[in-house]
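A quick write-up on the structure given underneath.
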Amino acid sequence: MFYEKVAKAFDAEASIYDKLILRNPSMKYAYLIAQEYLLKSFSKGDKVLDIGCGTGLQAIPLALQGCEVVAIDVSTEMLNILQKKIKKLLLTNIKIYNLPASKLEKLLDIYGKDYFDGAYSFFGPLNAEPFIISFKEGLLKLLKKNGLFISLIMNKINIYNIRSKKPIRKYKGFIYRKYDYKEFLNIFKELKLEEIFSVNIFLPPSNFKISKNEFIVKGLYFIEKKFYNIKPFSLLGFHIGFKMRKI
């Protein structure tokens, strides 16, 4: 029932999702920073798992770089949009599955253990995952030794909200939870932390009026690129990221 609510919410936005992101200067530049980080972290030929892929805003650039991408999402309409992009670009190195993060172990029947060089989940899918331990267990089985896991989640403590008074919130009928960095790292304590970074440190969240001012936001983007992985700024983004490795 929970995943049906999530799917319904994002099915409704699928046809306009890219426009919502790319027409908002703050979100556009936040996605650009995230994309640049991913492209630096993975190389041509890497087998990479995208958890909560949406319309493929991260998966497509990785595939164009030459990575073998397996992308999952609960929204069939989001996946339909991604499939159209794959067809238009004649890509053969993206495979998609209608699957929630907690059901990752189903991929073991297709790919087996220790298959992926890396995995990532950006901009909130894990905040909306109620069975995050099940997700972690599946991830650990699918990742190779030394495989990377890069996550970008909504942060409980950030410059714009200081500290969220309601870490557990409701969005379009389903519950999501914000984490601080200690909580999240404790969940994934089996992985070795390599780096903490943040997005939307200075770039405002998309619901702030200033987020629509291209001139101001572009200036903040260049500032953010200088500080996104430097403490204490790396702990204070609206979205906080973790680069971890299976050991």
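Quick note: the coordinates plus some simple rules give every number you see, no bench work behind them. Just so we're clear, the structure is a prediction, and the values are computed from it rather than from any experiment. Neighbour counts run over all protein chains shown; Cβ positions are idealised from the backbone, glycine included.
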Check: Which label belongs to the value computed from this structure, given these candidates for Kirkwood radius over Cα pairs in Å: [x] 28.3; [y] 19.0; [z] 18.1?
Finding: [z]
Notebook entry, point to check: So how much slack lies between ARG245 and PHE2, counting 0.36 nm per residue of separation and subtracting their Cα-Cα distance, in nm?
Noted result: 84.5 nm
Note to self: Name the residue from ALA59, ILE196, PHE122 whose Cα lies farthest towards the positive end of the charge dipole of the chain, charges +1 on Cβ of Lys and Arg and -1 on Cβ of Asp and Glu.
What the structure shows: ILE196
Notebook entry, point to check: Excluding same-chain residues fewer than 8 positions from LYS106, which aspartates and glutamates have a Cα within less than 13 Å of its Cα?
Noted result: GLU137
Checklist line | the chain: relative contact order in percent, alpha carbon pairs under 8 Å with at least 6 residues between | finding: 21
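Calculate, in nm to one decimal, what LYS19 and LEU64 gain on full extension: separation in residues at 0.36 nm each, minus their alpha carbon distance. Could the numbers behind the result be given before it?
On the way: separation 45, 0.36 × 45 = 16.20 nm, distance 2.10 nm.
Computed gain between LYS19 and LEU64 is 14.1 nm.
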Notebook entry, point to check: By counting other Cβ atoms within 10 Å of each Cβ, how are PHE123, PHE131 ranked from fewest to most?
Noted result: PHE131, PHE123
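How high is the FRET efficiency between THR92 and LYS40 when r is their beta carbon distance and R₀ equals 35 Å, given to the nearest 0.05?
That pair, THR92 with LYS40, gives E of 0.90.
Give LYS5/LYS84; LYS85/LYS182; LYS19/LYS145; LYS103/LYS178 a once-over and call out the pairs whose C-alpha atoms are over 29 Å from each other. Can you show the working numbers first?
Numbers: LYS5/LYS84 24 Å; LYS85/LYS182 37 Å; LYS19/LYS145 38 Å; LYS103/LYS178 21 Å.
In this structure, LYS85/LYS182; LYS19/LYS145 exceed 29 Å between Cα atoms.
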Item checked: Exceeding the 20 Å Cα-Cα cut-off - candidates LYS144/LYS189; LYS141/LYS246; LYS8/LYS156; LYS40/LYS243 -> LYS8/LYS156
Item checked: Förster radius 22 Å - calculated FRET efficiency between LYS182 and LYS145, Cβ distance, rounded to 0.05 -> 0.25
